[in-house]
1. Take the residues of region 92-125 that are touching a residue at least 12 places away in the same chain (Cβ under 8 Å) and over 28 Å from residue 201 (Cβ atoms): which is surrounded by the most Cβ atoms within 10 Å (Cβ to Cβ)?
2. May I ask you to say which residue of 291, 303 is at pLDDT 80 or above and under 35 Å from the mean Cα position of the chain (by Cα)?
3. Would region 7-18 turn up any residue that is assigned by TED's automatic domain parsing to the domain that holds residue 306, farther than 28 Å from residue 308 by Cα, surrounded by fewer than 19 Cβ atoms within 10 Å (Cβ to Cβ) and free of Cβ contacts under 8 Å to residues at least 12 places away in the same chain?
4. Whether any residue in region 455-464 is surrounded by 15 or more Cβ atoms within 10 Å (Cβ to Cβ) and touching a residue at least 40 places away in the same chain (Cβ under 8 Å) is what I want to check.
5. If I go through region 397-441 residue by residue, how many of them are farther than 27 Å from residue 320 by Cβ, out of contact with any helix residue (DSSP H, G or I) (no Cβ under 7 Å at 6 or more places or on another chain) and touching a residue at least 12 places away in the same chain (Cβ under 8 Å)?
6. Go through region 344-377 and count every residue that is in a helix (DSSP H, G or I) and within 29 Å of the chain's Cα centre (by Cα).
7. Pick from 513, 476, 433: which is at pLDDT below 80, part of a helix (DSSP H, G or I) and buried (at least 16 other Cβ atoms within 10 Å of the Cβ)?
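The values are calculated or read from the model by the stated rules, or taken from the named source; none is laboratory data. Computed from a predicted structure; not experimentally measured. Cβ atoms come from the backbone with ideal geometry, glycine included; neighbour counts cover every protein chain shown.
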């Protein structure tokens with residue numbers, strides 16, 4: 001129950017609305033408890049003793065009680081919903097902010113669909129428990145206590161008989177909750193898995209259809225759906241066995257009281273009005289017991305959802321600002337790797353091993369090597385997406401772990417192989433790193449990236465929506481928008497991960513000039529598969545199996561590095577007519 005109590009702690013911020021809702025609930029129960037007494041008076045006095053004035057007064061009082069109860073119900077329903085909506089709003093915001101702050105290693109281990117499920121369906125369940133859920137439980141307890149007290153005061157013997165079923169009911173409820181908790185958790189996990197599969201399928205729809213895998217994907221989704229159905233049916237079966245039994249016991253108690261009470265009326269030891277009132281109270285006692293079934297199910301589901309939500313909120317980010325971290329200002333762009341070793345999973349084989357190098361401000365450095373050699377890992381350590389396992393990464397002589405993440409990353413621009421665009425306008429995508437950029441600055445960046453003319457030709461211009469992940473644009477257009485975004489940021493350090501891999505030869509020529517302007521005066525790291533795209537770099541680092549095996553200029557490496565020479569001649573042989581991209585050599 002600790003997780004549920006933690007959810008309820010969010011109510012403290014809305015104590016006034018919550019308190020008023022509970023006061024309304026008490027008012028509703030007061031009207032409920034008064035009503036049977038009014039009915040008793042109508043039967044025994046108004047009708048039994050033939051007193052029309054008492055009959056009229058009691059009927060009017062009954063109407064007033066009903067109206068007052070309706071007013072209280074409105075207040076309770078509105079305020080409880082208001083509080084629960086606010087709590088859900090806060091929790092969704094906390095989850096989103098937490099996901100933004102968690103390190104890349106956390107996201108590497110997680111599936112987006114599962115995180116999405118926790119931020120939506122799990123929070124929705126917690127909204128229900130903080131709204132009418134807990135309020136309904138307290139309401140049921142208040143009604144049970146109030147009704148029991150009145151029953152004991154009216155007819156102690158009948159009251160005791162009617163309450164004999166309560167220990168059995170409580171035992172059945174406890175047993176139900178204990179058996180259902182793991183099943184509720186399993187169902188939530190299954191729903192998250194299905195959500196993740198659906199998300200992956202939608203994102204990869206072109207691949208699915210291109211390989212004619214629709215039947216296979218439908219089968220996989222159906223299997224996950226079947227598992228959710230089976231778990232839900234298991235819950236339903238347990239509920240179908242337990243809840244009717246509880247209702248039967250409560251109903252049997254009512255029948256027994258009617259029979260015994262009828263005998264007492266016949267014997268003159270109980271009036272008809274008292275029997276009707278007693279039975280009305282007994283029915284009020286049965287209703288909370290019936291509602292307990294629904295509330296128990298809701299509580300079980302909410303407990304599972306709370307545990308899943310707090311797993312995110314309690315997750316510790318492996319990469320975060322250290323106490324006393326400094327702001328990195330006026331960055332020149334010197335980058336140093338000092339005996340860096342790194343493994344994505346602690347204890348596993350290192351992806352980088354004892355890598356050391358020094359890059360001066362303004363230099364263009366090319367990282368060359370086979371796929372999986374560790375090139376991208378090197379560039380991921382510069383903006384501190386991950387922390388090194390051993391050694392140090394320094395920017396302008398500062399260990400990146402000793403500066404704030406925001407100040408470090410504000411000086412680093414990235415153009416990746418897989419361009420990420422958001423489902424908003426072209427303007428918003430270009431200005432993503434600088435929300436305060438003017439239209440003139442955005443257009444200047446677009447011109448430098450050779451994309452302005454295309455944007456200007458669109459009917460909505462820079463206000464054109466690019467669709468989810470930029471699906472309305474070609475690969476080259478997306479890449480040039482990403483370059484414009486990096487230009488607008490005006491970073492001191494630039495990372496280009498195969499930035500021209502998604503474009504044709506003609507587009508590559510257009511982008512190349514933009515890249516030269518982008519790299520001018522900036523420390524630039526270029527990840528490439530082909531020697532021809534990086535041979536004019538100031539330094540070329542050859543990475544193989546996580547080690548820096550050679551470094552130098554193109555001409556020196558051809559003579560001194562067997563690995564580099566092998567890569568160069570193999571590529572030259574297989575693609576003799578490959579156009580050499582000109583990364584203009586700049587004078588130091």
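1. Among those that are touching a residue at least 12 places away in the same chain (Cβ under 8 Å) and over 28 Å from residue 201 (Cβ atoms), it is 94.
2. 303
3. Taking every residue of region 7-18 in turn, at least one turns out to be assigned by TED's automatic domain parsing to the domain that holds residue 306, farther than 28 Å from residue 308 by Cα, surrounded by fewer than 19 Cβ atoms within 10 Å (Cβ to Cβ) and free of Cβ contacts under 8 Å to residues at least 12 places away in the same chain.
4. Looking for residues that are surrounded by 15 or more Cβ atoms within 10 Å (Cβ to Cβ) and touching a residue at least 40 places away in the same chain (Cβ under 8 Å), one finds none in region 455-464, hence no.
5. Residues that pass the stated criteria total 3.
6. Qualifying residue count, region 344-377: 2.
7. 476
Residue by residue, here is whether (1) surrounded by fewer than 16 Cβ atoms within 10 Å (Cβ to Cβ); (2) within 30 Å of residue 321 (Cβ to Cβ); (3) in contact with a strand residue (DSSP E or B) (Cβ under 6 Å, 6 or more places away or on another chain); (4) modelled with pLDDT of 90 or more holds:
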| position | (1), (2), (3), (4) |
| --- | --- |
| 29 | no, no, no, yes |
| 42 | no, no, no, no |
| 48 | yes, no, no, no |
| 53 | yes, no, no, no |
| 87 | no, yes, no, yes |
